[in-house]
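> The following block contains the structure, expressed as structure tokens.
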Amino acid sequence: MGIRERLSGNEATAYAMKQINPDVMGAFPITPSTEIPQYFAAYVDNGEVDTEFIAVESEHSAMSTCIGAEAAGCRAISATSSCGLCYMTEMLYVAASDRLPITLAVSTRALSGPININNDHSDAMGVRDTGWIQLHAETNQEMYDNYLQAMRIGEAVGLPIMVCQDGFITSHAIENIELVEDDKVKAFVGEYKPVINIMDKDHPVSVGPYAVPTYYMEAKRQQAQAMIDAKDVIRKVGKEFGEMTGRSYGLVEEYMMDDAEVAIVIMGSSAGTAKEAIQELRAEGHKVGLIKIRAFRPFPKEEIIAGLSKVKAFAVMDKADSFSALCGPIYADTCAALYTAPTRPLGINYIYGLGGRDVRVDSIKHVFAEVEKVAATGEVGETYRYLDVRE
């Protein structure tokens, strides 16, 4: 039986960190993730964890600290948001290419300019191809659960992993949550058995050496294979977590998709708003459904193909823009996944919620109305659309 509590997403993340008791945390504050290292620093100060907390002068240094710690055989963690994640970018590539399973909590936030501290997914999408596994949470509960699973996933395949939640929407809002008992967490996460340890003098290894063309491509191919392998690991760990807690996880979550004729693909807290809209539309006789992406990296190709094979038309909702004059990042990956599918439903893309723009039930209903129109007429029209914007 879990422990019932009321926590914000940031508090829940810090609590999960405390239960895991990692070796090193390198951190620099930035809104809205600042509370995570703040709460965790209190655990360090109170002697509730054995972690070496290293307060650094920048996010670049925070990730550098984690890289050094992981290379020395330690479990290393950090937390950041927005421009802080951007500032880490150089070292994100280093962590992934050196195959160091660092765990990073991200409270997603818009990027400047104009200056904005509210939620969208521009920061996480901006680093989507750095080689990190990405999990995204809809609720505080899911953020906590994802974090407990993250280390096992990253360590199993030798890749760093970021656990993302929507800044302010879940990071600061308080929700009822069920915590796992400490002893169960320790047994579930397990002891760290590092593959790389530069401190092991009996098995010397170089971390981050210069790679000439003779070897570089092979290293990248192995890195790509690790991301492919992560799919089965995410499924396996999510199933095992479900057996322990009753809350199972995969790469995606389907909602009312069994008989859906149209659907939306979405990620993060807006899935909750979409579920409310679906309930109301179902009561009116509309056959609508939802596919929520939990694992954006690795991208859930098989689940997307299977889920969308049931519908006539769909809309992908992107809380970030690629500024490609074409579409947002999730829509691009969704279309790439569907390209090899035996049947491809008609699809459109909506950019929404940028800079914290409110996403209402009526907003989601409007999207479904447009998708139903596409399904009925077979006319797609403009695929690259903005939702609730004054034009």
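> Hey, does region 68-75 have a residue that's among the small types (Gly, Ala, Ser) and over 30 Å from Asp202 (Cβ atoms)?
no
> Assuming Glu276 fulfils every condition listed in (1) assigned to a helix (DSSP H, G or I); (2) touching a helix residue (DSSP H, G or I) at 6+ places or on another chain (Cβ under 7 Å); (3) within 30 Å of Lys18 (Cβ to Cβ); (4) not polar (S, T, N, Q) apart from one, which condition is it?
Going through the list (1) assigned to a helix (DSSP H, G or I); (2) touching a helix residue (DSSP H, G or I) at 6+ places or on another chain (Cβ under 7 Å); (3) within 30 Å of Lys18 (Cβ to Cβ); (4) not polar (S, T, N, Q), Glu276 breaks only (3).
> Which residues, counting only those in region 97-126, are surrounded by fewer than 24 Cβ atoms within 10 Å (Cβ to Cβ), over 15 Å from Phe296 (Cβ atoms) and touching a Gly at 6+ places or on another chain (Cβ under 9 Å)?
Ser97, Asp98, Arg99, Leu111, Pro114, Asn116, Ile117, Asn118
Table: residues versus (1) in contact (Cβ under 8 Å) with a residue 24 or more places away in the chain; (2) small (Gly, Ala, Ser); (3) part of a helix (DSSP H, G or I).
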| site | (1), (2), (3) |
| --- | --- |
| Ala124 | yes, yes, yes |
| Thr130 | yes, no, no |
| Glu155 | yes, no, yes |
| Cys164 | yes, no, no |
| Ser171 | yes, yes, no |
| Asp183 | no, no, yes |
| Asp202 | no, no, no |
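> May I ask you to verify whether Glu218 is in a loop (DSSP other than H, G, I, E, B) and free of Cβ contacts under 8 Å to residues at least 12 places away in the same chain?
no
> Exactly one of (1) surrounded by fewer than 24 Cβ atoms within 10 Å (Cβ to Cβ); (2) more than 17 Å from the chain's Cα centre (by Cα); (3) farther than 20 Å from Arg235 by Cα is unmet by Ala76. Its number?
That leaves (1) as the condition not met.
> Looking at region 340-391, which of its residues are more than 30 Å from Asn116 (Cα to Cα) and of a type in the set (Lys, Arg)?
Within region 340-391, Arg344, Lys373 qualify.
> Can I ask one more? Would you call Lys201 over 13 Å from Arg99 (Cβ atoms), loosely packed, with under 13 Cβ neighbours inside 10 Å and touching a helix residue (DSSP H, G or I) at 6+ places or on another chain (Cβ under 9 Å)?
In short, no.
> Okay, moving on. Specify the residue that is surrounded by the most Cβ atoms within 10 Å (Cβ to Cβ); the eligible residues are those in region 79-96 that are within 18 Å of Val207 (Cβ to Cβ) and in contact (Cβ under 8 Å) with a residue 40 or more places away in the chain.
The extreme case among them is Ala95.
> Still on this structure: Answer yes if at least one residue in region 51-61 is closer than 23 Å to Leu135 by Cβ, touching a Leu at 6+ places or on another chain (Cβ under 6 Å) and outside any strand (DSSP E or B), and no otherwise.
Looking through region 51-61, none of the residues is closer than 23 Å to Leu135 by Cβ, touching a Leu at 6+ places or on another chain (Cβ under 6 Å) and outside any strand (DSSP E or B).
> Which one of the conditions (1) outside any helix (DSSP H, G or I); (2) modelled with pLDDT of 95 or more; (3) over 30 Å from Tyr352 (Cα atoms) does Asn116 fail to meet, given that it meets all the rest?
Result: Asn116 passes all but (3).
The values are calculated or read from the model by the stated rules, or taken from the named source; none is laboratory data. Nothing here was measured: the structure is a model prediction, and the numbers come from that model. FYI the Cβ positions are ideal-geometry reconstructions off the backbone, even for glycines, and counts take in every protein chain you see.
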